[in-house]
1. I'd like the full set of residues that are at pLDDT below 75 and open to solvent by less than 80 Å² (accessible area, probe 1.4 Å), limited to segment 59-114.
2. Which residues, taken from segment 4-39, are closer than 16 Å to Lys64 by Cβ and open to solvent by 40 Å² or more (accessible area, probe 1.4 Å)?
Amino acid sequence: MRLIDDYSLEVLITLGLAFGGYRLSVYLHVSAPIMAVCAGLLIGDIGAKHGMSRKPANVDAFWKLIDEILNAVLFLLIGFGLRRRLRDRLSRHRRCLDPLGALRPAGVGLSVPC
């Protein structure tokens, strides 16, 4: 890889190592997270010193961008999950506090007591 001095090709090789290594670990029934750690060490330490071009900052910037995007998606999903859980909990408490349904619109019927 030392002969390669193309940013996009280096990024594609690191992506291939990440996804291909994951698929290989699933196929071999070994730990995928440990494989991901090994691939990260291989890319980040050994690959940067011996295999990549003299300016690995482009590949590092790509992976930092991917990290930021995935963190944002993770926190959005956590927020949506908390919102749904709070909404369910509030509706359950509302049924307990209003067993006759006085706070509900007419025609809905009686609520189930807690």
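The values are calculated or read from the model by the stated rules, or taken from the named source; none is laboratory data. Here the structure is a predicted model, which means the values were calculated and not measured. Neighbour counts run over all protein chains shown; Cβ positions are idealised from the backbone, glycine included. The accessibility values were calculated without ligands, DNA or RNA, using every heavy atom of the protein model including side chains. Shrake-Rupley method; radii C 1.70, N 1.55, O 1.52, S 1.80 Å.
1. Ser91, Cys96, Asp98, Pro99, Gly101, Gly109, Ser111 - these are the residues of segment 59-114 that are at pLDDT below 75 and open to solvent by less than 80 Å² (accessible area, probe 1.4 Å).
2. Here is the first cut: in segment 4-39, the residues closer than 16 Å to Lys64 by Cβ are 7, 10-11, 14-15, 18.
Those that are closer than 16 Å to Lys64 by Cβ and open to solvent by 40 Å² or more (accessible area, probe 1.4 Å): Tyr7, Leu15.
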